[in-house]
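Read the structure below first, then the notes.
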Amino acid sequence: MKNKPILIVTGEPKSVFFEIFFKSLKSVKYKSPLILICNLHNFKQEIKKFNLKKKYKVLSTSNLKKNEIDNKQLNLIDIAPIKSSKGNFNTKSSKKYISDSFKVAFKLIKDGFTCKLLNGPINKIKFLDNKHLGVTEYIAEHFNEKKIGMLIYNKKLSVCPLTTHLPLKLVSKKITKKLILEKIRLIDSFYKKNFKFKPKIGVTGLNPHCESVLKFNEDKKIVLSAIKSLIIKNINVKGPFPADTLFLKKNRKNFDVILGMYHDQVLTPIKTLFEYNAINITMGLPFLRVSPDHGPNEKMIGKNKSTPVSLINALNFLDQK
């Protein structure tokens with residue numbers, strides 16, 4: 001099959017995913033077959049609610065053949081949910097449902113069925129139960145991958161946090177030369193492999209203005225030392241730069257990717273610049289995994305006002321691979 005299927009774990013039972021997914025189907029036609037991993041009953045309710053005129057086929061994972069799947073209709077793998085006594089999903093049943101969905105996707109990937117995975121919005125606090133920093137780390141653990149990175153990708157400018165969903169008071173303790181080298185090499189390799197060019201990488205400092213009133217300055221001792229080591233290896237990287245000015249127009253135009261020391265240091269400006277026009281890509285996996293760059297947004301359920309831009313971009317990225 002020329003265009004490998006895209007596996008779609010729909011995520012939280014209560015989210016805006018189906019709304020934005022159906023909107024994306026009306027906006028773009030995808031070459032790759034789409035396989036939804038979700039509950040059939042919920043899917044039928046959603047497709048009726050949004051009046052989507054689209055044929056679908058329920059697949060059996062016990063005898064799944066690529067030649068039986070095409071992009072002329074939606075393909076669906078039914079995940080039986082465990083519901084609460086009132087018939088609705090509670091936290092426990094939602095966790096089990098999402099976990100079962102991922103298990104099916106992981107098995108298909110490990111079996112070589114496809115190399116494309118997209119997951120819908122997931123409530124990290126409820127689903128991960130403080131056992132993983134994020135969904136990125138949850139997926140990586142199932143494939144025994146330790147050198148991974150979160151890339152919030154936009155064609156004009158992307159960002160990568162050195163540390164992800166970590167409390168601020170712990171960030172400085174996790175910043176090491178080894179980790180910086182690992183993340184920048186990962187970015188450089190990912191761009192050359194998937195986008196066919198050598199990226200220009202900028203790096204922020206940890207401290208305001210890259211200065212510190214303490215004797216030990218992480219920006220000079222750790223960040224700058226790592227950057228110098230990488231420049232010798234012919235990696236196009238510069239820094240550290242003060243984070244408060246690096247995202248100014250005249251500065252950010254010099255880079256394809258900016259590596260920041262912690263999550264909000266780079267995600268706040270990228271979302272201010274592009275809002276939902278970015279996608280979350282996990283670097284370092286033996287397959288391509290993306291997700292829309294937003295959460296379940298339960299407050300918007302039923303209002304039909306959610307934008308599908310990030311999901312469309314995520315699907316387009318996988319569809320072109």
Single unsatisfied condition, residue 61 versus (1) among the β-branched types (Val, Ile, Thr); (2) farther than 22 Å from residue 123 by Cβ; (3) at pLDDT 95 or above
(3)
Closer than 20 Å to residue 116 by Cβ, part of a helix (DSSP H, G or I), in contact with a helix residue (DSSP H, G or I) (Cβ under 8 Å, 6 or more places away or on another chain) and among the small types (Gly, Ala, Ser): is that true of residue 24 in this structure?
yes
Set 251, 234: member being outside the structural domain of residue 29 (by TED's automatic domain parsing), touching a strand residue (DSSP E or B) at 6+ places or on another chain (Cβ under 9 Å) and not β-branched (Val, Ile, Thr)
251
Working only within the stretch 88-98, note down all residues that are assigned to a loop (DSSP other than H, G, I, E, B) and either at pLDDT 90 or above or among the aromatic types (Phe, Trp, Tyr) (or both).
89
Would you kindly identify the helices (runs of 4 or more DSSP H) lying entirely within the stretch 117-204 that contain at least 2 residues that are assigned by TED's automatic domain parsing to the domain that holds residue 97 and of a type outside the set (Asp, Glu)?
124-128, 135-142
Test: residue 139 is under 29 Å from residue 255 (Cβ atoms), touching a helix residue (DSSP H, G or I) at 6+ places or on another chain (Cβ under 6 Å), at pLDDT 95 or above and of a type in the set (Val, Ile, Thr)
no
Apart from one, (1) over 18 Å from residue 42 (Cβ atoms); (2) touching a helix residue (DSSP H, G or I) at 6+ places or on another chain (Cβ under 8 Å); (3) surrounded by fewer than 18 Cβ atoms within 10 Å (Cβ to Cβ); (4) of a type outside the set (A, V, I, L, M, F, W, C) all hold for residue 111; the odd one out is (2)
Can you tell me how many residues in the stretch 214-239 are of a type outside the set (A, V, I, L, M, F, W, C) and either closer than 14 Å to residue 185 by Cα or touching a residue at least 40 places away in the same chain (Cβ under 8 Å) (or both)?
8
What about residue 101, is it buried (at least 17 other Cβ atoms within 10 Å of the Cβ), among the small types (Gly, Ala, Ser), at pLDDT 95 or above and under 27 Å from residue 299 (Cβ atoms)?
yes
Checking residue 321 against (1) at pLDDT below 90; (2) basic (Lys, Arg); (3) assigned to a loop (DSSP other than H, G, I, E, B), the condition it does not meet
(1)
Any residue at all in the stretch 222-239 that is of a type in the set (Gly, Ala, Ser), surrounded by 19 or more Cβ atoms within 10 Å (Cβ to Cβ), within 22 Å of the chain's Cα centre (by Cα) and more than 18 Å from residue 170 (Cα to Cα)?
no
Scan the stretch 253-269 and give yes if some residue there is farther than 21 Å from residue 171 by Cβ and free of Cβ contacts under 8 Å to residues at least 40 places away in the same chain, otherwise no.
yes
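The values are calculated or read from the model by the stated rules, or taken from the named source; none is laboratory data. These numbers come from a predicted model, not from an experiment. Cβ atoms come from the backbone with ideal geometry, glycine included; neighbour counts cover every protein chain shown.
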